[in-house]
Amino acid sequence: MAIATEFKSIPRLSTGKFQQKLQSLLNPVGYLTRLAALAPDLAYMPAAGYSEPLVLAYHPEAMRQLLSNSSQAFAAPGELNGIIEPLVGQQSLVSLSGDRHRQERKLIMPAFHGARMHNYGALITQIIKEELSQLKPGQAFQMQDITQKITLRTIIEVVFGVQGGDRYAPIMAMTRKILNRFTSPIANSFLFFTSLQKDFGAWSPWGSFIRDRQALDELIYAELQERRAHPDPERTDILSLLMAATDEAGNTMDDQQLRDELMLLLFAGHETTAIAMAWGTYWLQTHPEVMAKVRAEITALGENPDPMDIYRLPYLAAVCNETLRINPVAMFTFARQAVSTTQLLDYSIEAGTVLMGSIYLLHQRPDLYPNPREFRPERFLERQFTPYEFMPFGDGVRRCAGEALAMVELRLGLAAIATQADLTLLDQMPVAAKRKGLVLSPATGVKMRFNGMKI
């Protein structure tokens, strides 16, 4: 790309770096809104976990230049994703770079596409029905608790292929215990500030986390050992497919690689989908006209429709997309780094600069989405958005590998909730988004009352 001779100065807030880092941790939506008010396209952002302020982009063309697979100006080194490494290890997709990343992604992607999604859809539908049937009439609950049970069961039963036995309940319990550690700003700080990651014994916060992680590791490695000792070629779960996958040289993934990929799917995969499903339920409850259209579209399929026919319904798809637009679970894309001094829009980016795309701010742009805080699924039926205008799963080489499974879960989950459960929203005030670890979740969990199953 030709480099212009004059550039705009990259805007930055006047607030001190440390104060901005705290604001982004404690009130990320408020902080990002301040950035967008300062600069419409990109700005400097001091970010926890990075020594120097990074450049945050949220203009569609900037996102295209930054994330496109064809871009030679920006690399996506795994070392920039160290914040998530304590959870998912050094051998998962987010931690790998270059050829190793491409090879492993090539091994993983087939497990999430094709006819397998149809088989997974039937199992996911059964899981959703079973979890909803556990509720009692008159029971008050948080929707996010239910959706987390649904998506965690999906990961364990569909991805791991564990549908019973001695390890099922312990994996469920340990995963929830680890995730629940990162619900408060103080707990989140342990991920962002490595100086706090000190093991002072089982009584210390980080030491306790390390021991819980080791306990979960033991369960996963035991499952892998049992699978290798008793291979079953008829199994169709994602773990079995990953264990059988071979690269161009005929090599399979070792236990460490499998463990790290499973941890990535377990922590990044199930909670993000659970949050999206909880938000979707909230918007259906606050927009009865949208709920009525979803129910009518599903009813038109007749009795006992095929799960994948439900998945393909256009209005249901639009509702899910609008949910992911107005409340993107991931605030940012994975980081990129400028390979050499280059141009991004009207700004000069020096070699070595770290950049991220802001999914949240991209999805709130009024020039793309008029009245962006209005929940209106019809906008996704009225026009086709480019991958750089709507990107709930990121894009480029770091695009979410589990996107297809997540969308099957989300659409089938909202369809079941809309047609099978009679619910009342108990939240009296609009539900705000708050940080939970690395993502944004409903501050209240979406409080509901279960009135009974629909007949």
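Throughout, read-outs are computed from the coordinates displayed, never taken from laboratory work. If you're wondering where the values come from, they're calculated on a predicted model, not measured in any experiment. Here the Cβ positions follow ideal geometry from the backbone for every residue, glycine too, while neighbour counts run over all protein chains shown.
If you place +1 on the Cβ of every Lys and Arg, -1 on the Cβ of every Asp and Glu, and leave all else neutral, what size is the dipole of the chain about its Cα centre, to the nearest 20 Debye?
Dipole of the chain, to the nearest 20 debye: 1160 debye.
Rounded to the nearest 5, what is the percent of antiparallel bridges among the DSSP beta bridges in the range 17-453?
Looking only at bridges with both residues in the range 17-453, the antiparallel portion is about 90 percent.
In what sequence do Ser204, Ser14 fall when counting other Cβ within 10 Å, fewest first?
Ser14, Ser204
If R₀ is 25 angstrom, what is the calculated FRET efficiency for the pair Asn371 and Ala37, using the beta carbon separation as r and rounding to 0.05? Present the calculation step by step, with values, prior to reporting the outcome.
Values: r = 17 Å, r/R0 = 0.68.
For Asn371 and Ala37, the calculated efficiency is 0.90.
Below 8 Å between Cα atoms, with a sequence gap of 6+, how large is the relative contact order for the range 17-453 in percent?
Averaging sequence separation for qualifying contacts and normalising by length gives 27 percent for the range 17-453.
Net charge within 13 Å of Ser208 by Cβ-Cβ distance, Lys/Arg positive one each and Asp/Glu negative one each, not counting Ser208 itself?
Surrounding charge for Ser208 is +3.
Around Asn321, under 14 Å between beta carbons, what's the net of Lys plus Arg minus Asp minus Glu among the other residues?
With Lys, Arg at +1 and Asp, Glu at -1, the neighbours total +1.
Within the range 328-382, which trypsin sites (Lys or Arg not before Pro) sit in a loop by DSSP and count at most 12 neighbouring Cβ atoms inside 10 Å?
Answer by residue number: Arg373.
Quickly work out the Thr424-to-Asn69 label distance, labels modelled 7 Å from Cα along the C-beta direction, and quote it in nm with one decimal.
For Asn69 paired with Thr424, the spin-label model returns 5.1 nm.
In nm², what is the average projected area of the convex hull enclosing the Cα atoms of the range 2-102?
Answer in nm², one decimal: 8.3.
Report the net charge of residues surrounding Arg153, where surrounding means a beta-carbon distance below 9 angstrom and charges are Lys +1, Arg +1, Asp -1, Glu -1.
Summing Lys and Arg as +1 and Asp and Glu as -1 gives -2.
Hey, what number do you get for the chain at 222 nm if only DSSP H runs of n ≥ 4 count, each worth -39500 (n - 2.57), divided across all residues, to the nearest 500?
-14000 deg cm²/dmol
Run the dipole for the range 258-390 about the Cα centre, Lys and Arg Cβ at +1, Asp and Glu Cβ at -1, nothing else charged, and hand back the magnitude in debye, nearest 20.
180
Can you give the Rg and Dmax of the range 377-455 based on its C-alpha atoms, in angstrom?
Rg and Dmax of the range 377-455, Cα atoms, are 16.2, 45 Å.
Take the alpha carbon atoms of the range 131-193, find their center, do the same for the range 221-268, and report the distance between the two centers in whole angstrom.
Here the answer is 22 Å between Cα centres.
Please compute the modelled spin-label separation between Ser133 and Glu61, points set 7 Å along Cα→Cβ, answer in nm with one decimal.
5.6
Grab the beta carbon distance between Glu303 and Ala173, set R0 = 45 Å, and tell me the FRET efficiency rounded to 0.05.
After rounding to 0.05, the efficiency reads 0.75.
Give the residue list of GluC sites (Glu not before Pro) in the range 244-319 that are DSSP loop and have at most 15 other beta-carbon atoms within 10 angstrom.
In loop regions of the range 244-319 (DSSP not H, G, I, E or B), the sparsely surrounded GluC sites (Glu not before Pro) are Glu248, Glu303.
Once amide H atoms are placed 1.01 Å from N in the peptide plane, what residues at a sequence separation of 5 or more from Gln197, or on another chain, have their amide H within under 5 Å of its amide H?
Under 5 Å from the amide H of Gln197 lies no amide H from a residue far enough along the sequence or on another chain.
Can you give me the distance in nm between label points at Phe385 and Ser9, each placed 7 Å from the Cα along the Cα-to-Cβ direction?
3.3
Alpha carbon centre of the range 391-413 versus the range 1-76: separation in Å?
Centre-to-centre distance over Cα atoms comes out at 24 Å.
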